[in-house]
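Take a look at the structure below.
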Amino acid sequence: MGSPTDSTAEHEDGAVNRRRFLTFLVAAPTLTLATNLAADAIAPGTAEAVVSILPQPAEIMDLGDVLILAGTPTAHLLVLELTEDGEAHFELPRAEVGQGITTAVAMLVAEELDLPLSKVRVRLADARSELLMNQLTGSSNTIRSVYGPVRQTAAAARARLIAAAGKQWGLSTDRLVTRDGVVVAPDGRTATYGSLTSLAAKLTLPGLTATPKPESEHTLVGTPTSRIDARAMVTGTMRYTLDLDVAGAKPTMVRRPPTINGTVRSVNNEAAVRAMPGVIDLAVVPAGVAVMAATFGQALDAKNALDVTWNGGTVDALSDADIRLRLRAAAPPFIVPPLLTQHVDAEFDFAFVSHAPLETNSAIADVRDDRAEIWAGLKSPIVAKQTIAAAIGLPEDRVTVHVTQSGGSFGRRLFFDGALEAAQISKAMARPVKLMWSRIDDMRHGRARPATHHKVRATYALGRVLTYEHRVAAVETDFRHGLGEILTATAAHLPVAGNLSFAQTVFLTTVKVPYDFGVVTELLNEVPLKMHTASWRSVYSANTRGAEEILVDELAKRLGKDPVAFRREFLKTGRQRAVLDKVATAGNWGRAMPAGFAQGVGFHDEYKSCTACLVEIDARDPKKPRVVKAVIAADVGRPINPRGLEAQLLGGLTDAIATTLRAGLHIDRGLPLEGSYSQFHYARQKDSPPDVRIFILPANGEPGGAGELGVPAAVGAIANAYARATGTRPRSFPINFDVDFTPFSR
Amino acid sequence: MPTYTFSVNGKTVTIDAPADLSLLWVLRDKLGVTGPKYGCGIDVCKACTSHLDGEAINPCVVPVSQVQGREVTTIEGLADGGTLHPVQEAWLEQDVPQCGYCQPGQIMAAVALLRKNKNPTDAEIDAIQNVCRCGTYFRIREAIKRAAAKM
Ligand code: FES
Ligand code: FES
């Protein structure tokens, strides 16, 4: 361990958000630097800063943690190594699930090091318990939390490489520059980073300071860049969990109960199933009956052939109608009576929605007597590791958890139920296990966005909105994946009154009305039903803000105003109005449309970013509406990779099309009816607009969150367009939600 | 157990397998060809889309007995050595993939479409059923048009 490089990642506008990070030289043959993710300026400046956003790990670690981490050789969060062949290897303690963070982080490293992007490798770190609560991918926080530290680490590496070249040439470092992976002397001599890395690793450089480039000098960051892993994806060489070749790990599937959380009473034909072709082993585990076979095809046949008697589950009697009644009863009451003022009241219902990532829940586990190794796509690997260690009776340091790149998440992979189940099966069978959930199981026994009920009331007079109340009742969202621990640990610091539940804290820190609507109150009440829920891209905002955007259109109508003009008038900042103006102009707002067609607009502001969405819908057949055009504008403060951001917004738009118009789960006597994409109608090409235009506004501050931003504005825009095109007032989502299929047997 | 001989990406393979084992699991579990992905197993999601004698098929519902003596091409066999197929090139140029899981199937479906129809209309592109849960459809559409222009 060398001495820390004291450097600052300073935002161009000066003192605001100035943060310092400690960077350490790691004792290694080649130049390796590590930086703490936690800034030493930990305390948020104002209470408001905490309320308006979900606290980032960097903001909630206290000083004691920082010092303990800084003093522990293994405790550094971001590790950058310069190899002898001139590459930069970076270990990222986050999960890549398609959101493009590895590309954005590689861009930051390449920029700061003056190294071609093709020479930067980003690897997903294994679960590292010493990171405490700092290894969680969620709340759109990756870029926000690593932007400063990544740049600083790379800047420190660059400073050391320059120092090494200066030493080698006997030149003062201020005469040297870097370019394309080499240090250049005034006389034109060059030395590659690869040739300098071992010297740079050895130099004693007390008091070396390194400051990241000013953002005005960025040439790569902020320019549209393609994903670094796209080639592997289009050639089929990308390895997802089930593509890994782990010695001895055989295909395994689980027969699951006919209702959620049911358990096995007895297996009635074990001998017959064991005798089926290819079957290797069978074990009863908490989730059901696991079968291992030579191929997944045979494991699936064996699972289907099992005759099992089941105990009941936790919600056997529940169907949609009961859930809806309970939600309606649970919505907190309004405060403002509608007696003396003009008002708009509306109630909305949103169905359960499956996360349905295309790669089903899957994991590999190799559990031995004295150690275990796990491979899975995990967004909260530390909690996964702790829980798995406890469940299989091993000390935590005997469990290794590898984070693999995964086929989508949308919130699903915050949970590690697949990894835990694989470990339990591996222990029971005493063999390595390659576990795959069937699609049907993934949809029926996997997780879902909870159903919600909304009551909204706005009062108005003389062209002003006086009060705005939004009451949400939701089936409880399960946050037991580590975010709970993070917030519980800091609950004392959160300036929210009284004894709020964890979910209410999340609700209050993420959902806010962007309009100047007078006295605003938004409250959440959760109904605890023992079902498998999880936050779904944009958590509460898709429904809550989506419903609000619908009400905004209705309010505008009451006040005799155009929806865009009304929003412009009531939005609070110029930044917000700029994205709205952009879509209104680029989307030709107000143009005449044929009967059955209409435009709709929506706005959303979250995680220090804001966006507007304008869509055109063809609803000539109200049962088969299609969004035919979308125009989106977003201001994310500082775009790292505009191309990646556009991809995220496109994904959010598609999610909104699906969940607003057709995709949801029906709960029937304790189990979702839907079991595949032929029944859960996630959008396909024919539902997706052939004309999409996305505008990313220029940088004007620090990076905001963007992974979840796109959904709520698009939900509002689509619902509003549908309402206008059909002359209806949509209140229940998805709008077209018939059971148009024969469910699979249970 | 019966034996089957067929070609996979230009190489002849011989395997022992039950007649009704689907080609998807023969490829993935017996031959280690993991480009075709499982997403549903019942010909709904199309993530496994590959080619049989040049036509798009869904190996999750094709029993191995049906491919005896025939030519199977998966995403791994599309490029010509280091030279990508124009559809793969177009996919990179449009930066289509997000999680990437559906993309082998999407690309194989697009290649099959372009073989039949050099200049597909929007309505013809709409007929592609492959699910992309990351919602990359618009970029897929653009990439197909770009590939059509190249080819
Ligand atoms: S896995 Fe073959 S179509 Fe879904
Ligand atoms: S890119 Fe993720 S499913 Fe298509």
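Here the spin labels are modelled as points 7 Å beyond Cα on the Cα-Cβ line, and at A:Asp691 and A:Thr585 they lie 1.9 nm apart.
Projected label points at A:Glu476 and A:Arg326, each 7 Å from Cα along the beta carbon direction, are separated by 1.0 nanometres. Summed over both chains, the area buried between A and B is near 4500 Å², taken from the accessible surface of protein heavy atoms with a 1.4 Å probe.
What residues of the range B:96-112 lose no less than 30 Å² of accessible area with every protein chain in place versus their chain by itself (probe 1.4 Å, heavy atoms only)? Residues of the range B:96-112 that lose at least 30 Å² of accessible area once the other chains are added: B:Pro97, B:Gln98, B:Cys99, B:Tyr101. Our note on the geometry: Cα centres of the range A:309-361 and the range A:404-424, 26 Å apart. Estimated from helices alone, the mean residue ellipticity of chain B at 222 nm is -8000 deg cm²/dmol (sum of -39500 (n - 2.57) over DSSP H runs with n ≥ 4, per residue).
Ranked by the mean number of other Cβ atoms within 10 Å of their residues, highest first, the peptides B:100-110, A:580-590 fall in the order B:100-110, A:580-590. If you find the alpha carbon centre of the range B:53-104 and of the range A:608-675, how far apart are they in angstrom? What the calculation gives is 28 Å, centre to centre.
Look at the alpha carbon pairs under 8 Å that are at least 6 residues apart: their mean separation over the length of the range B:1-146 gives a relative contact order of 25 percent. Cα centroids of the range A:703-746 and the range A:216-280: how far apart, whole angstrom? Between the Cα centre of the range A:703-746 and that of the range A:216-280, the gap is 29 Å.
Neighbouring Cβ atoms from other chains, within 10 Å of the Cβ of residues in A:360-366, number 1 on average. Here the dipole of the range B:3-77 is about 160 debye; that uses its Cα centre as origin and unit charges on the Cβ of Lys and Arg (positive) and Asp and Glu (negative). Packing, taken as the mean count of other beta carbons within 10 Å per residue, orders the peptides A:239-249, B:26-36 from highest to lowest as B:26-36, A:239-249. Mean sequence separation of contacting Cα pairs (under 8 Å, at least six apart), scaled by the length of the range B:3-77, corresponds to a relative contact order of 41 percent.
I'd like to know which of B:Ala19, B:Val8, B:Gln66 lies farthest towards the positive end of the charge dipole of the range B:3-77, counting +1 on Cβ of Lys and Arg and -1 on Cβ of Asp and Glu. Result: B:Val8, furthest along the dipole toward the positive end. Neighbours of A:Val601 by Cβ distance under 15 Å: Lys/Arg scored +1, Asp/Glu scored -1, total +2.
With a 10 Å cut-off around each Cβ of A:220-226, the average count of Cβ atoms from other chains is 1. Per 5 Å bin, what percent of the C-alpha pairs of chain B does each bin hold, from zero upward? The percentages, shortest bin first, are 2, 10, 19, 23, 19, 13, 8, 4, 1, 0.
Charge dipole of chain B (Cα centre as origin; +1 on each Lys and Arg Cβ, -1 on each Asp and Glu Cβ, all else neutral): 180 debye, rounded to the nearest 20. Computed on protein heavy atoms with a 1.4 Å probe, the accessible areas place A:Ser198, B:Ser50 in the order A:Ser198, B:Ser50, largest first. Computed 3J(HN,Hα) for the range A:454-459, one whole-Hz value per residue from the Karplus formula 6.51 cos²θ - 1.76 cosθ + 1.60 where θ = phi - 60°, is 10, 10, 10, 9, 10, 10, glycine and proline marked x. Averaged over the residues of peptide A:236-245, the number of Cβ atoms from other protein chains lying within 10 Å of each residue's Cβ is 5. Ranked by the mean number of other Cβ atoms within 10 Å of their residues, highest first, the peptides A:396-407, A:102-113 come out as A:102-113, A:396-407.
The values are calculated or read from the model by the stated rules, or taken from the named source; none is laboratory data. Just so it is clear, the model here is predicted, and its values are computed rather than measured. Methodologically, a virtual Cβ is constructed for each residue, glycine included, from the backbone with ideal geometry; neighbour enumeration extends over all protein chains shown. Ligands, DNA and RNA are stripped out before the accessible areas are found, and what is left, the full protein with its side chains, is counted by its heavy atoms. Shrake-Rupley method; radii C 1.70, N 1.55, O 1.52, S 1.80 Å.
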